[in-house]
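Here is the structure we will look at.
The values are calculated or read from the model by the stated rules, or taken from the named source; none is laboratory data. On a predicted model such as this, the values are computed, not experimentally measured, just so you know. Note that each Cβ is placed from the backbone with ideal geometry, even for glycine, and that neighbours are counted across all protein chains shown.
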Amino acid sequence: MDKRSKIIVWCSAVLAVLFICVVSAVTVSNGQIRRQQEVQTAKANISKEEQRRVDLFRNMVDAVQSYNNYESSTQRKITDARTKANAGKIREASQSLNAVVERYPDLKSQSNYKQAMMEFSITENRLANYRENYNDDVQAYNVYVRRFPNHQILSMLGNDTKTYKPLNYDVNNAKATNLFK
């Protein structure tokens, strides 16, 4: 090979190595950004679901308490009608009872309780899935940014590599209260 051919080969090799380095750096940087976004999205999903749980809790407690008051009022009216019937005021009791039956055809507090428990169960299951997804994304991100040569490339590019911690959820049942007293 002549001298000119050797120079072209060397320049081509250097350019190829530089090109590979640049492509690798861009790929690693983009991979870090993607994984970081996945962690942030997973965290946002947890926050969204926790807010849903709070909203659901407030709405369901209000609905159940309201319906309990409604059912209690209905039960009092039925009891009053029975008292009137026992006192010999059957016609008055019948009218009172008919008014109650027409206005309150179905007492549903038990089904409201069941619905509330089912909604809470669904929400807690979704939260558990979001937490597991977050922990998986955190682990994938942490492994990605610590891996060789990713760590070195990211350091050379000046990228801040955050270290995320997996979520641990320990529930304190000692403070649990009965809200439906």
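Things worth noting here:
- The condition of being part of a helix (DSSP H, G or I), of a type in the set (G, A, S) and modelled with pLDDT of 80 or more holds for only one of A128, A116, that being A128.
- Qualifying position, being among the hydrophobic types (A, V, I, L, M, F, W, C), surrounded by 11 or more Cβ atoms within 10 Å (Cβ to Cβ) and over 35 Å from the mean Cα position of the chain (by Cα), among C11, C21: C21
- Scope region 97-113; condition surrounded by 13 or more Cβ atoms within 10 Å (Cβ to Cβ) and at pLDDT 65 or above; matching residues: N112, Y113
- Of residues in region 120-139 being in contact (Cβ under 8 Å) with a residue 60 or more places away in the chain and among the aliphatic types (A, V, I, L, M), the one surrounded by the fewest Cβ atoms within 10 Å (Cβ to Cβ): L127
- Every residue from region 143-169 that is crowded, with 16+ Cβ neighbours inside 10 Å and closer than 16 Å to T41 by Cα: Y164
- Looking across region 62-89, the residues that are of a type in the set (K, R) and part of a helix (DSSP H, G or I) come down to R76, K77, R82, K84.
- Scanning region 32-63 for residues that are surrounded by 15 or more Cβ atoms within 10 Å (Cβ to Cβ) and β-branched (V, I, T), we see that the one that is nearest to S155 (Cα to Cα) is V39.
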